[in-house]
């Protein structure tokens with residue numbers, strides 16, 4: 001039996017969802033798993049989590065220090081920032097990268113790992129070009145917490161758009177809401193649901209961001225949703241929409257909301273760049289090509305001159321996005337059969353098998 005440390009967060013954010021799905025697959029392997037949770041664990045989002053999985057994580061975490069050995073390899077799920085810290089001698093990092101210019105610090109951290117798995121093939125190539133010969137691309141998978149409900153939500157005559165993910169300049173959240181309101185605002189044939197709470201903003205900051213996004217107006221067909229506590233609630237939102245706008249981002253490490261929506265048979269409008277190119281194509285998505293690149297700095301999550309996250313991400317054109325929305329409207333009520341195939345093409349079982357193949 002192999003031994004493995006898992007150094008990872010468990011919470012409602014993207015990294016937490018990835019970590020939980022890693023555990024689900026590792027439980028089925030012939031592995032003695034020692035779990036070292038990062039930060040305060042919060043399993044409240046995983047309302048469909050079997051009790052035995054929760055107990056497995058709890059017991060493995062409680063006993064991890066008793067079984068600590070320097071020779072046991074560690075799989076760490078984290079950002080590059082902070083991954084210089086190791087539990088044992090051998091560390092394998094699963095990480096995410098969304099910009100263009102690795103810093104000396106980032107390159108050193110990557111080289112210090114036994115291997116780094118990036119969720120984006122473009123990110124892996126960027127680090128290879130910087131002399132990192134210990135990196136590879138390993139895609140994520142479809143989360144089994146999400147499934148089709150086959151419910152009717154707003155009626156056959158209403159086209160429902162959705163945008164899901166943190167309010168952030170990189171994701172073009174404000175600009176997309178503004179563009180949609182200019183195009184469809186107060187038209188009862190269309191609805192927009194916004195699930196865009198950013199946990200790193202204070203409430204007053206978040207409120208101000210939404211006021212700007214809505215041009216300080218109220219629209220009868222725009223629904224601003226509060227933070228949802230469970231994956232089941234998020235699943236209902238994904239099933240209710242016809243067209244997903246979450247993929248219109250300037251740079252992504254994978255983009256779970258857009259991927260999950262597409263895999264549930266929804267029509268996603270997706271920027272044809274970074275990790276999107278690893279799963280989105282002309283058959284399963286409506287692609288918008290970037291018009292170039294732009295500096296990534298927003299003085300919030302990307303600060304110029306820092307040790308991490310420097311350089312550029314892509315730029316999208318509003319005219320192209322508007323045209324893509326028109327295209328999406330034409331197919332909104334039809335099933336995205338190619339999108340549904342993503343559930344089988346990308347699985348966490350395949351993700352873990354590729355990781356373990358490299359570790360052992």
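Computed from the coordinates by the stated procedures, all read-outs in this text should not be read as laboratory data. If you're wondering where the values come from, they're calculated on a predicted model, not measured in any experiment. A quick note on method: Cβ atoms are made from the backbone with ideal geometry, for glycine too, and the neighbour counts reach across all protein chains shown.
Observations on the structure shown:
- R0 of 22 Å, Cβ-Cβ distance residue 216-residue 322: FRET efficiency to nearest 0.05: 0.50
- Antiparallel content of DSSP bridges confined to segment 159-345, in %, to 5: 20
- Angle in degrees between helix 51-62 and the longest Cα principal axis of the chain, rounded to the nearest 10: 50
- Rounded Å value of the spacing that divides the Cα centres of segment 222-243 and segment 265-319: 23
- Compared with the dominant principal axis of the Cα atoms in the chain, helix 14-26 is inclined by about 50°.
- Beta bridges per DSSP with both ends in the chain, % antiparallel, nearest 5: 10
- Relative contact order computed over segment 159-345 (Cα-Cα under 8 Å; 6+ residues apart), in percent: 22
- Mean-position separation - Cα centroids, segment 81-115 and segment 159-183, in angstrom: 32
- Selected from 94, 313, 56 as most flexible by GNM, with the chain as the system and alpha-carbon contacts under 10 Å: 56
- Within the chain, the proportion of C-alpha pairs whose separation exceeds 33 Å stands at 29%.
- For the chain: relative contact order, % (alpha-carbon pairs under 8 angstrom, 6 or more apart): 17
- Nearest-ten-degree value, helix 318-331 long axis tilted from longest Cα axis of the chain: 80
- Approximate spin-label separation residue 111-residue 81, in nm, with each point projected 7 Å along Cα-to-Cβ: 2.2
- Rg ratio (alpha-carbon, reference 2.2 N^0.38 Å) - segment 239-360: 1.19
- Compactness of segment 159-345 is given as radius of gyration and Dmax, 15.8, 48 Å, from Cα positions.
- Cα centroids of segment 51-70 and segment 1-36: 10 Å apart.
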